[in-house]
Amino acid sequence: GGCWVAGRPRACEADRLPGAGGRGSPSPPAPDAAEPSPPFYVRYYVGHRGKFGHEFLELEITAAPDGKGPGRLRYANQSSYKKGSRIRKEAWISNAVVAEAERIVREACVIECDDEQWPEPDEVGRQELEVVTKDEHICFACAKVGTLAQAQACDDPKGLTRFYYLSQDLKALVFGLISMHFKIKPIP
């Protein structure tokens, strides 16, 4: 398996086995890993409307328009469960962080996927992914996928599994950044 770029197959980090440069081991950084290629934007949304109203999680990472200034991280989480409220966080991030988000998206090879055979959004909820790079602008929408087993049970298990792993990786990156940036007590 592999990804397709300009009609030619290329190796995809997401298709390799652990220990062979895939998800289980770090891959070498791209030569220009410290500088994102503007514009870069990624937005991930997962949510539903239920008995507690509209509950969702949304995150965005945006490179500076010129690629030289700081990027922006936006995070929102709305939950009315147990009288929860909306949490909104926004922070400026370095180009290295934007470049890492771009690397994560690129190596997931989701840009080459097609959501045609993924489950349609339904009453259980929806997930959305929007990615803008120098050469691409893609948007995906599908039903909420909470487990790897759910991703692998659809008509396009390879593509939806890539999407699932990418969403997990983006959430881990953003939760780590939010946790570090908005720490209430400094670490002794």
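The values are calculated or read from the model by the stated rules, or taken from the named source; none is laboratory data. If you're wondering where the values come from, they're calculated on a predicted model, not measured in any experiment. All Cβ positions, glycine included, derive from the backbone under ideal geometry; neighbour counts span all protein chains shown. Protein only, heavy atoms only, side chains kept; ligands, DNA and RNA dropped before computing areas. Shrake-Rupley method; radii C 1.70, N 1.55, O 1.52, S 1.80 Å.
Annotations for the structure displayed:
- When the residues of the stretch 132-163 are filtered to those that are in a helix (DSSP H, G or I) and of a type in the set (Gly, Ala, Ser), the one that is nearest to His48 (Cα to Cα) is Ala151.
- Complete set of residues in the stretch 47-78 that are at pLDDT below 90, outside any strand (DSSP E or B) and open to solvent by 40 Å² or more (accessible area, probe 1.4 Å): Lys51, Phe52, Pro65, Asp66, Lys68
- Checking each residue in the stretch 114-126 for being over 16 Å from the mean Cα position of the chain (by Cα) and either under 11 Å from Gly47 (Cα atoms) or free of Cβ contacts under 8 Å to residues at least 12 places away in the same chain (or both) picks out Pro121, Asp122, Glu123, Val124, Gly125.
- Residue that is touching a residue at least 60 places away in the same chain (Cβ under 8 Å), of a type in the set (A, V, I, L, M, F, W, C) and outside any helix (DSSP H, G or I), where the choices are Leu166, Leu170, Leu129: Leu129
- Matching residues in the stretch 97-122 - criterion: being assigned to a helix (DSSP H, G or I) and open to solvent by less than 60 Å² (accessible area, probe 1.4 Å): Val97, Val98, Ala99, Ala101, Glu102, Arg103, Ile104, Val105, Glu107, Ala108, Asp115
- Qualifying positions in the stretch 79-96 - open to solvent by 20 Å² or more (accessible area, probe 1.4 Å), of a type in the set (Gly, Ala, Ser) and at pLDDT 90 or above: Ser94, Ala96
- In the stretch 130-167, residue least open to solvent (accessible area, probe 1.4 Å) [restricted to those that are polar (S, T, N, Q) and within 16 Å of Cys113 (Cβ to Cβ)]: Ser167
- Among the residues listed as Gly1, Gly22, the single one being open to solvent by less than 30 Å² (accessible area, probe 1.4 Å) and either closer than 23 Å to Val145 by Cβ or at pLDDT below 90 (or both): Gly22
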